[in-house]
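The values are calculated or read from the model by the stated rules, or taken from the named source; none is laboratory data. This one's a predicted model, so the numbers in the text were calculated from it and none came from an experiment. Here the Cβ is made from the backbone with ideal geometry for all residues, glycine too, and neighbour counts use every protein chain on show. Just so you know, the surface numbers come from the protein's heavy atoms only, side chains and all, with ligands and any DNA or RNA stripped out. Shrake-Rupley method; radii C 1.70, N 1.55, O 1.52, S 1.80 Å.
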Amino acid sequence: CEVLSKLGLITKKATGMNLTEKGEELLLEIKESVINDAFVKERSFIKNHFSIKQVHIVAGDFVNNEATREEMTNLLLDKVNAKITKECVIGVSGGSTMAAMADEMPSSVLHPIVVPARGGVGEVVEYQANVIASVLAERWHGSYKMLHLPDGLSKDSLDMLVTLEPQIKEISEVIHRTDILVFGIGQALHMADVRHIPDGVRQQLVDGNAVGEALGQYCSMDGSIVYATNNIGLSLRDIVNIPHVVAVAGGFDKAGAIISVMRSCKKGILIIDDQAAEGMRQLLNIPAL
């Protein structure tokens with residue numbers, strides 16, 4: 001352990017030991033060399049295509065298989081646990097994927113501050129970022145702050161609220177101190193319907209060929225942002241300033257959405273199931289194994 005620590009491959013804490021970023025990269029290289037990894041070609045291609053740090057593909061179907069959801073959730077916990085520090089701020093998005101992972105999240109003593117990455121409106125309550133932040137804070141024995149503000153207000157309204165309401169200004173400042181961001185990826189038109197976006201904006205998404213949505217940003221297949229909702233929370237443009245970013249998504253139907261969003265953010269760790277990987281393989285023309 002001392003040797004691994006001196007080499008910068010692990011960190012030692014009172015709660016145990018964790019791999020460092022350098023250690024994770026080395027372990028992945030070793031795994032690819034000595035283990036028959038069924039997804040090694042897909043992982044390598046996807047990682048290089050988006051110029052991101054890591055890609056993890058979990059066998060099974062996230063949408064219909066509880067074991068797959070559990071494995072992806074444990075993988076997410078490992079990534080968060082490896083990066084967490086005292087008074088760490090973890091930002092989480094809303095959505096069905098994040099809600100499912102929050103429900104599967106095992107209890108772990110991490111003590112972070114968990115915040116919603118954005119406000120929300122028009123979504124099922126259980127899918128809103130505020131609720132997911134509170135669930136994860138409980139599972140991780142941390143604290144949380146809520147953003148009681150709907151997504152999509154006008155810029156003037158947002159500016160006025162931040163000016164007049166000290167609590168909103170405070171939570172906005174905490175959100176923008178996010179150390180670890182975890183977000184899900186949705187299909188653009190589906191998310192537009194869920195959020196009851198006006199018909200004119202929906203047509204803008206159709207005309208702009210929007211495919212994916214994350215953090216209120218609707219992206220075309222080439223990664224261009226077709227439309228962005230107003231919010232004082234985080235957006236894809238903020239990712240460049242966030243030290244650690246993890247995107248999670250599952251299901252064959254989300255392949256195009258994942259491609260569009262990852263082409264836009266170009267950073268972090270991507271956790272997907274093999275159904276999404278297969279859809280991406282077809283869309284990106286990755287040679288079959």
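Scan segment 179-194 residue by residue and report those that are at pLDDT 90 or above, among the β-branched types (Val, Ile, Thr) and either open to solvent by 60 Å² or more (accessible area, probe 1.4 Å) or within 30 Å of Asn209 (Cβ to Cβ) (or both).
Once the filter is applied, which keeps residues that are at pLDDT 90 or above, among the β-branched types (Val, Ile, Thr) and either open to solvent by 60 Å² or more (accessible area, probe 1.4 Å) or within 30 Å of Asn209 (Cβ to Cβ) (or both), segment 179-194 yields Val182, Ile185.
Tell me whether segment 124-135 contains one or more residues that are of a type in the set (Val, Ile, Thr), open to solvent by less than 20 Å² (accessible area, probe 1.4 Å) and under 17 Å from the mean Cα position of the chain (by Cα).
There is at least one residue in segment 124-135 that is of a type in the set (Val, Ile, Thr), open to solvent by less than 20 Å² (accessible area, probe 1.4 Å) and under 17 Å from the mean Cα position of the chain (by Cα).
Quick one: what pairs do we get from segment 52-63, first residue small (Gly, Ala, Ser), second open to solvent by 20 Å² or more (accessible area, probe 1.4 Å), C-beta under 7 Å, 6+ apart or different chains?
Partner pairs satisfying both residue conditions: Ala59/Asp274; Gly60/Ala67; Gly60/Asp274.
Mind counting the residues in segment 45-101 that are of a type in the set (D, E, K, R) and over 26 Å from Val174 (Cβ atoms)?
6
Return the residues of segment 40-63 that are in a helix (DSSP H, G or I) and not acidic (Asp, Glu); say none if nothing qualifies.
Val40, Lys41, Arg43, Ser44, Phe45, Ile46, Lys47, Asn48, His49, Phe50
Just for segment 64-93: of the residues that are at pLDDT 90 or above and outside any helix (DSSP H, G or I), which one is surrounded by the fewest Cβ atoms within 10 Å (Cβ to Cβ)?
Per the stated criteria, the residue is Asn64.
Checking Gln275 against (1) in contact with an Asp or Glu (Cβ under 8 Å, 6 or more places away or on another chain); (2) under 14 Å from Phe183 (Cα atoms), which single condition isn't satisfied?
Of (1) in contact with an Asp or Glu (Cβ under 8 Å, 6 or more places away or on another chain); (2) under 14 Å from Phe183 (Cα atoms), only one is false for Gln275: (2).
So the check is Cβ under 6 Å with 6+ separation or different chains; which pairs have a first residue in segment 98-112 that's farther than 16 Å from Val248 by Cβ and assigned to a loop (DSSP other than H, G, I, E, B) and a second one that's basic (Lys, Arg) and open to solvent by 50 Å² or more (accessible area, probe 1.4 Å)?
Here the result reads Ser107/Arg139, each pair linking segment 98-112 to a residue that is basic (Lys, Arg) and open to solvent by 50 Å² or more (accessible area, probe 1.4 Å).
Contact list please: Cβ distance under 7 Å, first residue in segment 5-21 and within 22 Å of Pro243 (Cα to Cα), second residue β-branched (Val, Ile, Thr) and in a loop (DSSP other than H, G, I, E, B), pairs at least six apart or on different chains.
Gly8/Thr20; Leu9/Thr20; Ile10/Thr20; Thr11/Thr20
For segment 74-82, check the following and say yes or no: at least one residue is hydrophobic (A, V, I, L, M, F, W, C) and farther than 25 Å from Leu110 by Cα.
no
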